[in-house]
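The values are calculated or read from the model by the stated rules, or taken from the named source; none is laboratory data. Computed from a predicted model, the values in this text were never measured in an experiment. Here Cβ is always computed from backbone atoms with ideal geometry, including for glycine, and neighbour counts include all displayed protein chains. The protein model used for the area step is the full one, side chains on, heavy atoms only, and it has no ligands, DNA or RNA in it. Shrake-Rupley method; radii C 1.70, N 1.55, O 1.52, S 1.80 Å.
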Amino acid sequence: MTIIDTDNLKPDDLADLLEKAAAIIRRDGGAIAAPTVPVQLDLLPSVDPLDPTLMNPEERLPDGGLRFVNVKEAAALARCSDDTIRRRAHDEKIGLLSGGRYLIDRTRLLRMV
């Protein structure tokens, strides 16, 4: 393998180098073999489940708004139906059922919108 300092090449020399590289890529079918490392990334950051014993329904966010909102308010924020919010609260853990009503965590909801 040869290392070339492209910063010190004359424009004509750089053009020749690029033509040669393009010819090699065309010859090899356009594929450049590069070492790969398998990586799996989470689609969304992992979030711990909400703990009802540590939850304060009156908690406020830095913007002054309540952290936990009801289903109707959450649906308006996310621009979706109340049923979608209830499903997400159950499936995606964006809220929990407390005292017969859902409390939706605005921070978790807005991460998903």
Problem - Selection from region 71-87 of residues that are buried (at least 17 other Cβ atoms within 10 Å of the Cβ) and closer than 11 Å to ARG106 by Cα - result: VAL71, ALA74, ALA75, ALA78
Exercise for the section: Any chance you could count how many residues in region 70-103 are in contact with a Lys or Arg (Cβ under 8 Å, 6 or more places away or on another chain) and closer than 18 Å to ASN56 by Cα? Expected result: 7
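Can you name every residue in region 1-56 that is closer than 22 Å to ARG108 by Cβ, open to solvent by 80 Å² or more (accessible area, probe 1.4 Å) and modelled with pLDDT of 65 or more?
To start, the set of residues in region 1-56 that are closer than 22 Å to ARG108 by Cβ comprises 41-56.
If we keep only those that are open to solvent by 80 Å² or more (accessible area, probe 1.4 Å) as well, we get 41-46, 48-49, 52-54.
Answer for region 1-56, where residues must be closer than 22 Å to ARG108 by Cβ, open to solvent by 80 Å² or more (accessible area, probe 1.4 Å) and modelled with pLDDT of 65 or more: ASP48, PRO49, PRO52, THR53, LEU54.
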Completion exercise
Listed by first then second residue, the pairs whose first member lies in region 94-113 and is under 15 Å from LYS72 (Cα atoms), whose partner is among the hydroxyl-bearing types (Ser, Thr, Tyr) and open to solvent by 30 Å² or more (accessible area, probe 1.4 Å), with beta carbons under 8 Å and at least 6 positions apart or on separate chains, are GLY95/TYR102; LEU96/TYR102
Exercise for the section: Can you give me the number of residues within region 68-102 that are closer than 18 Å to PRO49 by Cβ, within 21 Å of the chain's Cα centre (by Cα) and not in a helix (DSSP H, G or I)? Expected result: 4
Handout entry: Flag if GLU59 is within 18 Å of LEU110 (Cα to Cα), of a type outside the set (Ser, Thr, Tyr), surrounded by 12 or more Cβ atoms within 10 Å (Cβ to Cβ) and modelled with pLDDT of 80 or more
Key = no
